[in-house]
Ligand code: GRF
């Protein structure tokens, strides 16, 4: 069994979260709103995007937060382009003393460069009940399968895509007449609730990784 996350030993300062995003940034916004509402005791140390026009960057600026656009293009020619990109990401995260990385609609696969630098310190939010429907377009796939219940998952990031230990899940019903968009909207509301909650549990040092399972200490 692994140690409780390192927060349990150093709780004097607010947890410094680095958010990686590629688009709309509504989960980033949920984190910022939870911080402002006093239900998440953390600070967003930096918002890093791989897309220049990501709305997440605007949200960061509106909140006066450090933001960074890191263009993948200059790395594209290199043999280890994904790893080289992640080394640059790591530089940004370290420069801002990031303790926990939160992927929030980040449309890149993170490499072992990041994962080994932040073991069990990278979270992701995914709009399905993992291990069902990993990957993309998952609300459409859920409807096609005819599932009656869907939801979202916050998990730690390990090398397999959408495979890491599950921290929290929330369910929503799939309704007659749902489209991928209406289902996605219902799931998104739950994402906005559980992502800040998962980060708060981390901040409190209450997440204990035990193989595939994450125990929530004190629950
Ligand atoms: C969310 O549905 C999240 O679960 C998935 O990508 C979407 C990002 O939305 N990984 P946003 O950028 O946070 O609004």
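Each value in this text was obtained by applying a stated rule to the coordinates, not by laboratory testing. Treat the numbers as computed from the prediction; the structure is a model and nothing was measured. Heads up, the Cβs are rebuilt from the backbone with ideal geometry, glycines too, and the neighbour counts pull from every protein chain shown.
Look at region 17-40: where a residue is on the phi > 0 side of the Ramachandran plot and a partner is near the ligand (Cβ under 7 Å from one of its atoms) and not in a loop (DSSP other than H, G, I, E, B), sitting 6+ places away or on another chain with Cβ atoms under 7 Å, you get 25/56; 25/104.
Restricting to region 123-173, what's the tally of residues that are on the phi > 0 side of the Ramachandran plot and either within 13 Å of the ligand (Cβ to nearest atom) or in contact with a helix residue (DSSP H, G or I) (Cβ under 6 Å, 6 or more places away or on another chain) (or both)? Qualifying residue count for the region: 5. Residues that are touching a helix residue (DSSP H, G or I) at 6+ places or on another chain (Cβ under 6 Å) and part of a strand (DSSP E or B) within region 10-45 comprise 15, 18, 19, 21, 42, listed in sequence order. Determine if region 106-120 includes at least one residue that is in contact (Cβ under 8 Å) with a residue 40 or more places away in the chain, within 11 Å of the ligand (Cβ to nearest atom) and under 25 Å from residue 72 (Cβ atoms). Yes, region 106-120 has at least one match. The strands (runs of 3 or more DSSP E) found wholly in region 100-219 and carrying at least 2 residues that are over 29 Å from residue 52 (Cβ atoms) occupy 149-156, 166-173, 207-210, 213-216. Taken as a whole, the condition of being within 24 Å of residue 186 (Cα to Cα) and within 16 Å of the ligand (Cβ to nearest atom) does not apply to residue 48.
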